[in-house]
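The structure under discussion appears below in the form of structure tokens.
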Amino acid sequence: MIRLSGWDASMLYSETPTVHMHTLKVAIIDLEGIGEHYGIEEFRHVVAGRLYKLDPFRFELVDIPLRFHHPMWRENARIDLDYHVRSVRVAAPGGRRQLDEAVGEIAGTPLDRTRPLWELYLLEGLAGNRVAVVGKIHHALADGVAAANLLAKGMDLRLGNDDDPDGYRAEPVPPATRLVGSALRDHFRQISRIPSTVRYTADGIRRVRASNRVLSPELAWPFTPPPSFINHKLDATRRFATATLSLSDVKQTASALGLTINDLVLGISAGGLRTLRLRHDNNADDPLLASVPVSFDTASDRLYGNRFSGMLVPLPSDIADPVERMRAASAAARTAKENHQLLGPELICRWSEYLPPAPAEALFRYLGNRDSRNKIFTLPISNVMGPRERGRVNGRIVSELYSVGPLTVGSGLNITVWSYVDQISISVLSDGLTAGDPHDLTEAMIDDFIAVRRAAKLSPQLAVPEGVMAP
């Protein structure tokens, strides 16, 4: 049995009927040149040969009686592959739009907490002799780094052929007395850690006060972003959109402007959001606030758990000039990161250990039912480095890879960017009330990237990475 950290458990507590706390990974697999049929039974066979190397996929949630403490993971639960591995046929003609629509429908249903918190979908009917695999994983199980490691291990990257599907025993659920006793002992351990957590907090506050870095007005208490079309009470519908840029184009553009790839991601996100704000809000007069996750454990062998915190970054969607907007995004990210490090990257994670389960869930339900916007930040924006080698599933090449995180209470958009080999993969998730069609945002981000290249005296003609589906 493994106790969920407070930060892991908060991903469970924050889930409501309209806020689903799972992440999605979408792998497009090229079957070109493969003569034999490849369907759900063949895919389940492949999963069976990988599953037992992926320990977190065998974790099952166990609640503590009376909600006395954070839940635990029961290791080595039995897996019903007929339930967890499913087939979906996308609508004709099977292009990117139809794929994205199918992924949005998958995103719109919660995971069953009585089973291990993941599902895999084989999406058939794609054009160009392709299939897609959609992994749906609860955020309580894995953050972006852990999910990327799981994904790499689940593909043929450096994976041997010694899998043994039956080489383990399912762990029984412990009796209630054992669960309560373990929870009580852990509570005492947590109490003993309070002095060090208080010192960590005080040291961080002292470093921030001593720093010559001044928080920008957007980050001053009470952290209230401007009203926008993004922030409102969510519905349960999910819509999904993707787009792809060439990594070489992105690196060339970033180099020409003296920026990092992360700066560029924030900049084109701000540009795309500016376009939609002018359309939906009729103004873009103030910067938005992005919550940007920052991992403090990037170990390549970590397969589960959440080891990240979020920093608030002013998003300069109020700036019309594309190059000026890029440089403003870069400066904002640099200042936010410095202050985040000064305050202590593990601050929220440490205090979340003391989050009481029942009151935390009640608070999130209350916030989710209120007809109000997110008053802490506008939306989450992630940029994660994915696998550097081209993956294979049963010998078939994974030509594209996308990832997206969940929506949060009062915020109807999530932008997640992953790099994969020679690609920068952009994913946008929205609810049904926010933008109508999230492709409006992906297209606006691509248009903004072209505008930035023009302003930097670079060719507006974008390269298309090999094997990428047409828009």
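Projection of the Cα convex hull of region 23-145, averaged over all directions and equal to a quarter of that hull's surface, yields 8.7 nm².
The phi torsions of region 452-457, fed into the Karplus equation with coefficients 6.51, -1.76 and 1.60 and a -60° offset, translate into couplings of 5, 5, 4, 5, 8, 6 Hz, rounded to whole numbers, with Gly and Pro shown as x. For a straight C-alpha distance cut-off of 29 angstrom, the lysines reachable from residue 153 (same-chain residues fewer than eight places away being disregarded) are 25, 53, 136, 251. Within region 333-396, the percentage of alpha carbon pairs spaced more than 20 angstrom apart rounds to 61%.
The amide H of residue 23, built 1.01 Å from its N in the peptide plane, has 137, 138, 139 as neighbours under 5 Å, considering only residues 5 or more places off or on other chains. Considering every alpha-carbon pair of region 1-56, the percent of pairs per 5 Å bin, from zero through the bin containing the longest distance, is 4, 12, 12, 18, 15, 14, 13, 6, 5, 2. Can you tell me the relative contact order of the chain? Whole percent, Cα pairs under 8 Å, sequence separation 6 or more. For the chain, the relative contact order is 25 percent.
How would region 391-456 be classified by its alpha-carbon gyration tensor: rounded, prolate or oblate, with rounded meaning a/c under 1.5 and the a/b versus b/c comparison settling the rest? Oblate. In order along region 100-109, phi translates into HN-Hα couplings of 4, 5, 5, 5, x, 5, 5, 5, x, 10 Hz, rounded to whole numbers, per the Karplus curve 6.51 cos²θ - 1.76 cosθ + 1.60 with θ = phi - 60° and x for Gly and Pro. If R₀ is 51 angstrom, what is the calculated FRET efficiency for the pair residue 201 and residue 129, using the beta carbon separation as r and rounding to 0.05? With R0 = 51 Å, the Cβ-Cβ based efficiency is 0.35. Report, ordered by chain and residue number, the lysines lying within cross-link reach of residue 233, taken as a straight Cα distance under 22 Å and ignoring same-chain residues fewer than 8 apart. Counting by Cα, and skipping residues close in sequence, residue 233 has these lysines nearby: 375.
Region 91-138: percent of C-alpha pairs farther apart than 17 Å? When all Cα pairs of region 91-138 are counted, 36 percent exceed 17 Å. Per-residue 3J(HN,Hα) values for region 311-326, derived from phi via the Karplus relation 6.51 cos²θ - 1.76 cosθ + 1.60 with θ = phi - 60°, read 10, 8, 10, x, 10, x, 6, 7, 9, 7, 5, x, 6, 4, 5, 4 Hz in sequence order (x marks Gly and Pro). If I histogram all Cα-Cα distances within the chain using bins 10 Å wide from 0, what percent of pairs lands in each bin? Percent of pairs per bin, in order: 4, 19, 30, 27, 15, 4, 0. Close amide H contacts of residue 86 (hydrogens built in the peptide plane, cut-off under 5 Å, sequence separation of 5 or more or a different chain): 120, 121, 122. Here region 360-470 has an Rg and Dmax of 17.6, 54 Å, counting Cα atoms alone.
If the segment from residue 92 to residue 40 were pulled out straight at 0.36 nm per residue, it would be longer than the present Cα-Cα gap by 16.8 nm. Three principal axis extents of region 235-278 based on alpha-carbon atoms, in descending order, are 41, 22, 14 Å. Treating the Cα atoms of region 299-415 as identical point scatterers in vacuum, please give the log10 of the normalised Debye intensity I(q)/I(0) at q = 0.09 Å⁻¹, two decimals. Normalising to I(0) and taking log10 leaves -0.40. Note on region 268-329: Cα-only Rg and Dmax are 15.5, 47 Å. Dividing the summed -39500 (n - 2.57) terms of all DSSP H runs of n ≥ 4 by the residue count of the chain sets its mean residue ellipticity at 222 nm at -12000 deg cm²/dmol.
Using a probe of 1.4 Å on the protein chains alone, the accessible area found for residue 351 is around 110 Å². Each Cα pair under 8 Å and six or more residues apart adds its sequence gap; the mean of these over the residue count of region 223-288 is a relative contact order of 49 percent. Going by accessible surface with a 1.4 Å probe and the largest first, 431, 82, 186 read 82, 186, 431. Averaging the sequence gap over all C-alpha pairs within less than 8 Å and six or more residues apart, then dividing by the number of residues, gives region 273-370 a relative contact order of 24 percent. Ordering 365, 454 by accessible surface, largest first, gives 454, 365; the 1.4 Å probe counts only protein heavy atoms, with every chain in place.
The values are calculated or read from the model by the stated rules, or taken from the named source; none is laboratory data. Computed from a prediction, not measured in an experiment: that's the story for all the values here. Don't worry about glycine lacking a Cβ; one is built from the backbone with ideal geometry, like all the others, and counts go over all protein chains shown. Side chains included, ligands, DNA and RNA excluded: accessible areas come from the protein's heavy atoms. Shrake-Rupley method; radii C 1.70, N 1.55, O 1.52, S 1.80 Å.
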